[in-house]
Amino acid sequence: MPQPHVLKPVPMFADNYLWLRISPAGAVLAVDPGDYALLSQVLQEHDWRLATVLVTHHHADHCAGLPELRQMHPGVPVYGPESVEGVTHTLYGGETLDTGDTGIWQVLTLPGHTRHHLAYYHESDKILFCGDTLFSGGCGRIFDGDAQSLFHSLELIAALPDDTQICCSHEYTLSNLQFAQHIEPANIALQNYRLSCLLKRNRDEPTLPVLLSVEKAINPFLRTALPSVQERLAELLPDSAKNPAASEVFAALRRYKDDWKPPVR
């Protein structure tokens, strides 16, 4: 029976993850190498070979390591959007990317957090590298994108199989869950999930990857069509529109979270 690939989140900076997918032969696919020195250290420690690099968007914590990476690994292909300096193979979304030992990936266009944002989906292993579009319990802030685009990007993610492993780029889970509980205080699945994440973080373990089915049960930004979220937002924002569409609820919820401060205890 063939050996499986290994999926590894490597803590980077204060709260980023450098995602690696390692083949049985030690070929590595690296996602969003913001820190090349960290990537190089991990490769050397395990005697792994960098084979492929995927980049989701242009923010520095996702791509600042590319100049040194390109210098040290001139033959390694770097795939990403045209807005990222250092990409060797420009992608626009809709492509099927065959990276050899490191897998076959569907390239998804997920604008909203930024105007040009890609994600990478492995159909057979049900893995999604989604950058800063979706976080566990939350979603990305809107920078040079827009709320309607981000809403539709999250709809696209939600349409994937429920057993998809969501590989987000930041360890924001516990703070996101505080806000999620503020929106849905009676959500039992959310309460149980937060307890399991607290235990993981107390053991210095990542909360990621997380199954899409879990996010659908606990993430308010994937639940904006539900009465529980709409009624709570109407309570918090009494001047909001009556009978809003799910996309309008999403936009209002994203704006509300931008200014929300957790209670001091």
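Tabulated results
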item	result
Using alpha carbons only: equivalent-ellipsoid semi-axes of the range 134-206, gyration tensor based, whole Å	23, 14, 14
Average Cα contact separation per residue, the range 101-209, under 8 Å, 6 or more apart, as relative contact order %	24
Partners for K261 among lysines (Cα-Cα distance below 28 Å; same-chain residues under 8 apart left out)	K200, K216, K242
Which labelled figure in (1) 18.1, 64; (2) 18.5, 57; (3) 18.7, 60 is Rg and Dmax of the Cα atoms in Å, once derived from the coordinates	(3)
Length-normalised contact order of the range 1-155 in % [C-alpha pairs under 8 Å, at least 6 apart]	15
Test item: Cα-centred dipole of the chain, Lys/Arg +1 and Asp/Glu -1 on Cβ, debye	660
Student exercise, the range 1-142 dipole from Lys, Arg, Asp, Glu Cβ charges, in Debye to nearest 20	140
Label-point separation, E45 to A159 (7 Å along Cα→Cβ), nm	4.0
Gaussian network model of the chain, springs between alpha carbon atoms under 10 Å - residue of K200, K126, K242 with greatest fluctuation	K242
Unit charges on C-beta of K, R, D, E only; dipole of the range 216-265, Debye	240
Under 10 Å, Cβ to Cβ, from D61 - net charge with Lys/Arg +1 and Asp/Glu -1	-4
Local net charge near A159, Cβ-Cβ under 14 Å (Lys/Arg +1, Asp/Glu -1)	-3
Cα-derived Rg to Rh of the range 108-265, Kirkwood definition	0.95
Farthest positive-ward along the range 118-265 dipole, Cα basis, beta-carbon charges - from F151, P263, T133	P263
S228 paired with H89, simple spin-label distance in nm, labels 7 Å along Cα-to-beta-carbon	4.2
Sequence-separation-based contact order of the chain, relative, with Cα cut under 8 Å and 6+ spacing, percent	13
Proximal charge balance of A119 [Cβ under 15 Å; K/R count +1, D/E count -1]	-4
Full-stretch length increase - A245, L211 - with 0.36 nm per residue and alpha-carbon distance subtracted	9.6 nm
Fraction of the pair-distance distribution of the range 1-132 above 24 Å, Cα-Cα pairs, percent	21
Per-peptide average of other Cβ atoms within 10 Å, ordering 201-212, 57-68, 28-39, 227-238 highest first	28-39, 57-68, 201-212, 227-238
Highest average packing first - 111-119, 8-16, 73-81, Cβ atoms within 10 Å	111-119, 73-81, 8-16
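Taken together, the values in this text are just the output of simple stated rules run on the coordinates, not laboratory data. Quick caveat, the model's predicted, so the values are computed rather than measured. Methodologically, a virtual Cβ is constructed for each residue, glycine included, from the backbone with ideal geometry; neighbour enumeration extends over all protein chains shown.
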